[in-house]
Amino acid sequence: MIPTVDMDVDPTFPTDLAMGLPDEEDVDEEGYGYFRDVWTIGEVSHEEAVKMIDEEKRLVSLVDQASQTQAEFEAIAKAIEVGNSTTCQPATLQSTQTASLFDS
(Lines give C-alpha, C1' and ligand atoms only; values in the text may rest on other atoms or scores of the structure.)
Protein backbone atom coordinates (compact mmCIF):
# COMPACT_ATOMS: atom_id res chain seq x y z
CA MET A 1 0.00 0.00 0.00
CA ILE A 2 2.37 2.71 -1.19
CA PRO A 3 0.40 5.98 -1.05
CA THR A 4 0.08 7.96 -4.25
CA VAL A 5 -1.01 11.48 -5.05
CA ASP A 6 -1.96 13.18 -8.30
CA MET A 7 -0.23 16.50 -8.82
CA ASP A 8 1.07 18.65 -11.61
CA VAL A 9 4.82 19.21 -11.35
CA ASP A 10 6.76 21.78 -13.33
CA PRO A 11 10.24 20.24 -13.73
CA THR A 12 11.87 23.46 -15.00
CA PHE A 13 14.17 25.61 -12.89
CA PRO A 14 13.95 29.40 -12.81
CA THR A 15 16.63 30.91 -15.07
CA ASP A 16 18.21 32.89 -12.19
CA LEU A 17 18.33 29.94 -9.76
CA ALA A 18 21.60 29.62 -7.87
CA MET A 19 22.24 26.00 -6.93
CA GLY A 20 24.86 24.38 -4.75
CA LEU A 21 25.61 23.14 -1.27
CA PRO A 22 25.70 25.53 1.67
CA ASP A 23 29.04 26.39 3.24
CA GLU A 24 29.94 24.03 6.11
CA GLU A 25 29.74 26.85 8.65
CA ASP A 26 26.12 27.50 7.59
CA VAL A 27 25.04 23.97 8.58
CA ASP A 28 24.66 23.25 12.28
CA GLU A 29 22.86 20.66 14.43
CA GLU A 30 19.55 22.34 13.54
CA GLY A 31 20.13 22.08 9.79
CA TYR A 32 20.17 25.18 7.58
CA GLY A 33 17.65 27.58 6.13
CA TYR A 34 14.24 25.94 6.21
CA PHE A 35 15.78 22.46 6.20
CA ARG A 36 15.82 20.77 9.62
CA ASP A 37 17.42 17.50 10.74
CA VAL A 38 19.77 17.48 7.76
CA TRP A 39 23.48 17.17 7.24
CA THR A 40 25.82 17.64 4.34
CA ILE A 41 26.38 14.44 2.45
CA GLY A 42 29.81 15.40 1.20
CA GLU A 43 32.03 12.80 -0.38
CA VAL A 44 29.98 9.63 -0.80
CA SER A 45 31.27 6.92 -3.05
CA HIS A 46 29.11 5.53 -5.82
CA GLU A 47 29.12 2.17 -4.02
CA GLU A 48 27.87 3.74 -0.77
CA ALA A 49 25.11 5.61 -2.62
CA VAL A 50 23.96 2.44 -4.39
CA LYS A 51 23.92 0.52 -1.07
CA MET A 52 21.78 3.24 0.52
CA ILE A 53 19.33 3.25 -2.38
CA ASP A 54 19.06 -0.56 -2.22
CA GLU A 55 18.43 -0.42 1.54
CA GLU A 56 15.75 2.26 1.13
CA LYS A 57 14.04 0.18 -1.59
CA ARG A 58 14.09 -2.84 0.76
CA LEU A 59 12.57 -0.83 3.61
CA VAL A 60 9.86 0.68 1.38
CA SER A 61 8.97 -2.82 0.19
CA LEU A 62 8.68 -4.06 3.79
CA VAL A 63 6.52 -1.10 4.78
CA ASP A 64 4.36 -1.69 1.70
CA GLN A 65 3.85 -5.34 2.67
CA ALA A 66 3.00 -4.50 6.29
CA SER A 67 0.50 -1.72 5.60
CA GLN A 68 -3.02 -1.85 4.27
CA THR A 69 -3.91 1.85 4.38
CA GLN A 70 -2.13 5.12 3.69
CA ALA A 71 -2.23 5.92 7.43
CA GLU A 72 -0.56 2.61 8.27
CA PHE A 73 2.08 3.16 5.60
CA GLU A 74 2.91 6.63 6.93
CA ALA A 75 2.96 5.45 10.56
CA ILE A 76 5.24 2.48 9.89
CA ALA A 77 7.52 4.54 7.65
CA LYS A 78 7.85 7.21 10.35
CA ALA A 79 8.54 4.56 13.01
CA ILE A 80 11.35 3.18 10.85
CA GLU A 81 12.68 6.66 10.14
CA VAL A 82 12.92 7.54 13.84
CA GLY A 83 13.92 3.99 14.82
CA ASN A 84 11.12 3.34 17.29
CA SER A 85 8.61 0.54 16.81
CA THR A 86 6.37 1.69 19.68
CA THR A 87 5.61 5.17 18.34
CA CYS A 88 3.51 6.32 15.40
CA GLN A 89 1.35 3.21 15.22
CA PRO A 90 -2.29 3.72 14.26
CA ALA A 91 -4.68 2.03 16.67
CA THR A 92 -5.70 -0.50 14.00
CA LEU A 93 -2.16 -1.66 13.29
CA GLN A 94 -1.15 -4.95 14.83
CA SER A 95 2.11 -4.57 16.76
CA THR A 96 3.34 -7.89 15.33
CA GLN A 97 3.18 -6.34 11.84
CA THR A 98 5.76 -3.69 12.70
CA ALA A 99 7.90 -5.75 15.08
CA SER A 100 9.31 -7.84 12.24
CA LEU A 101 10.38 -4.70 10.36
CA PHE A 102 12.78 -3.77 13.14
CA ASP A 103 14.32 -7.25 13.22
CA SER A 104 15.57 -6.97 9.62
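The values are calculated or read from the model by the stated rules, or taken from the named source; none is laboratory data. For clarity, every value in this text was computed on a predicted model and none was experimentally measured. Positions of Cβ are backbone-derived with ideal geometry, glycine not excepted, and every protein chain shown enters the neighbour counts. The protein model used for the area step is the full one, side chains on, heavy atoms only, and it has no ligands, DNA or RNA in it. Shrake-Rupley method; radii C 1.70, N 1.55, O 1.52, S 1.80 Å.
For residues in segment 41-53 being outside any helix (DSSP H, G or I) and open to solvent by 90 Å² or more (accessible area, probe 1.4 Å), which is farthest from Glu72 (Cα to Cα)?
If we filter segment 41-53 for residues that are outside any helix (DSSP H, G or I), which is where we start, we get 41-45.
Then drop every residue that is not open to solvent by 90 Å² or more (accessible area, probe 1.4 Å), which leaves 41, 43.
Working: Ile41: 30, Glu43: 35 Å.
Going through the qualifying residues, I end up with Glu43.
Within segment 1-40, count every residue that is open to solvent by 80 Å² or more (accessible area, probe 1.4 Å), in contact with a Gly (Cβ under 9 Å, 6 or more places away or on another chain) and assigned to a loop (DSSP other than H, G, I, E, B).
Counting residues in segment 1-40 that are open to solvent by 80 Å² or more (accessible area, probe 1.4 Å), in contact with a Gly (Cβ under 9 Å, 6 or more places away or on another chain) and assigned to a loop (DSSP other than H, G, I, E, B) gives 3.
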